[in-house]
Structure formats: C-alpha cells, structure tokens
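Reviewing the structure listed below.
The values are calculated or read from the model by the stated rules, or taken from the named source; none is laboratory data. It should be emphasised that the depicted structure is a prediction, and the values quoted were computed from it without experimental measurement. Every residue, glycine as well, gets a Cβ built from its backbone with ideal geometry; the counts of neighbours run over all protein chains shown.
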Amino acid sequence: MDTAITASLWIGAIGCGLLGGVFFAFSSFIMRALAAIAPAAGIAAMNAINRVILRSWFMPLFWITTLAGLILAGIAMARWDAPGAAAMLLGGAVHFVGMFVCTVALNVPLNNALAAVDSAGDAALPVWQRYRRDWTRWNHVRTLACAVASASFVLALLQRA
C-alpha cells in the first residue's frame with residue numbers, strides 16, 4: 001500500500017505541476033495575446049485551442065491527476081494519523097475543488113458559450129470581452145489550486161520519507 005501511495009503522490013505532484021504550468025501560461029500571456037488581436041481572430045484561436053486540447057495529452061493528465069488527488073484525499077481521511085495525511089488531504093481537496101470543479105462548472109460552460117457565438121456578428125465583441133475576463137479569472141483559481149496541490153503532495157512525500 002505504501003508503494004501505491006508514494007506513486008500516487010508522485011503522480012499528483014508532477015501532474016498538478018504540469019497542469020498548473022498550462023494554466024499559468026494562459027493566465028500570464030496567452031489570453032493577453034489573444035486580447036491583442038481582432039476579436040474574431042481571438043475567438044477563432046480560442047475555439048481551436050479548446051477543440052485541440054480535448055484530443056491531447058492534457059486530458060489523460062487532467063483525469064489521472066484528479067483521480068490520484070481524490071484517492072490520496074480518501075486515504076488521508078482513512079489514515080489520518082499517518083505521516084503526510086494532512087498534506088495529502090489538502091492537496092487532493094484543493095486540486096479537486098480548485099481545478100476540477102472550477103473547470104467543469106465554470107471554464108467549460110464559458111468555452112461552450114464562446115463556441116456558440118458567431119465571431120463575425122455584432123454580439124461577438126461583448127461575449128469575447130466577458131469570456132476573456134471571466135475565463136481568465138477562473139483560470140487564475142485553477143493555476144493557484146494546482147500550485148498548492150503540487151506543493152502539498154511534495155510536502156506529503158517529504159513527510160513520509
């Protein structure tokens with residue numbers, strides 16, 4: 001069981017770090033670059049990114065890391081006295097709520113609304129402006145959640161060593 005926990009912690013630490021890096025890139029420069037081009041081009045680029053990401057290595061990483069975090073949180077609750085349990089629970093909970101729930105409940109619906117807009121129509125500009133503001137706000141949350149989760153899983157690894 002200890003080997004499985006350690007493997008899950010490594011998956012969580014590395015996976016959250018990778019996911020957080022992707023989210024950080026969007027928060028720090030990709031969304032600003034898309035805002036600097038014509039709205040129709042920005043909408044088209046973001047819609048293309050949203051389609052491609054679903055068929056990329058990002059998705060298995062997204063699901064595996066979420067599963068590892070949930071498993072680690074469950075193990076932490078069952079073995080609360082074990083070294084690293086609090087860090088495992090924190091990492092799993094922060095990752096699940098701050099990354100997974102935020103993505104599913106907030107970012108994905110915004111992506112779907114953007115995909116439905118006619119990028120050449122009069123309604124495109126206000127939709128694009130709202131999308132960029134709201135999507136980026138929630139993406140900041142995902143970035144922070146992944147960083148906290150990754151650090152928590154590393155801390156748990158250190159506490160278990």
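Of these, Ala73, Ala147, Ala86, which one is without any contact (Cβ under 8 Å) to a residue 12 or more places away in the chain and not polar (S, T, N, Q)?
Selected residue: Ala86, the only one of Ala73, Ala147, Ala86 that is without any contact (Cβ under 8 Å) to a residue 12 or more places away in the chain and not polar (S, T, N, Q).
Suppose we filter the range 115-135 for residues that are surrounded by 18 or more Cβ atoms within 10 Å (Cβ to Cβ) and within 18 Å of Phe58 (Cβ to Cβ); how many remain?
Final tally of qualifying residues: 1.
Please name all residue pairs, on different chains or six or more residues apart, with Cβ atoms under 6 Å, provided the first residue is in the range 31-49 and is small (Gly, Ala, Ser) and the second residue is surrounded by fewer than 19 Cβ atoms within 10 Å (Cβ to Cβ).
These pairs meet every condition: Ala40/Ala120.
From the list Arg142, Arg133, which one is under 22 Å from Ile53 (Cα atoms), touching a Cys at 6+ places or on another chain (Cβ under 8 Å), at pLDDT 95 or above and of a type in the set (Lys, Arg)?
Arg142
Okay, residues lined up against (1) farther than 14 Å from Thr65 by Cβ; (2) of a type outside the set (A, V, I, L, M, F, W, C); (3) touching an Asp or Glu at 6+ places or on another chain (Cβ under 8 Å):
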position: Ala123; (1), (2), (3): yes, no, no
position: Val127; (1), (2), (3): yes, no, no
position: Arg137; (1), (2), (3): yes, yes, no
position: Val141; (1), (2), (3): yes, no, no
position: Ala145; (1), (2), (3): no, no, no
position: Val148; (1), (2), (3): no, no, no
position: Leu155; (1), (2), (3): yes, no, no
position: Gln159; (1), (2), (3): yes, yes, no
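Name the residues in the range 25-61 that are touching a helix residue (DSSP H, G or I) at 6+ places or on another chain (Cβ under 7 Å), buried (at least 17 other Cβ atoms within 10 Å of the Cβ) and either under 20 Å from Ser119 (Cα atoms) or basic (Lys, Arg) (or both), would you?
Met31, Leu34, Pro39, Gly42, Ile43, Met46, listed by residue number.
Consider Gly84 against the criteria (1) under 28 Å from Thr136 (Cα atoms); (2) over 16 Å from the mean Cα position of the chain (by Cα): it satisfies all of them except one. Which criterion is unmet?
(1)
Given the residues Ile64, Ile75, Ile71, which is the only one that is surrounded by 19 or more Cβ atoms within 10 Å (Cβ to Cβ) and either at pLDDT 95 or above or among the β-branched types (Val, Ile, Thr) (or both)?
The match here is Ile75.
Go through the range 103-130 and give me each residue that's in contact with a Pro (Cβ under 6 Å, 6 or more places away or on another chain) and at pLDDT below 95.
Within the range 103-130, Ala124, Leu125 meet the criteria.
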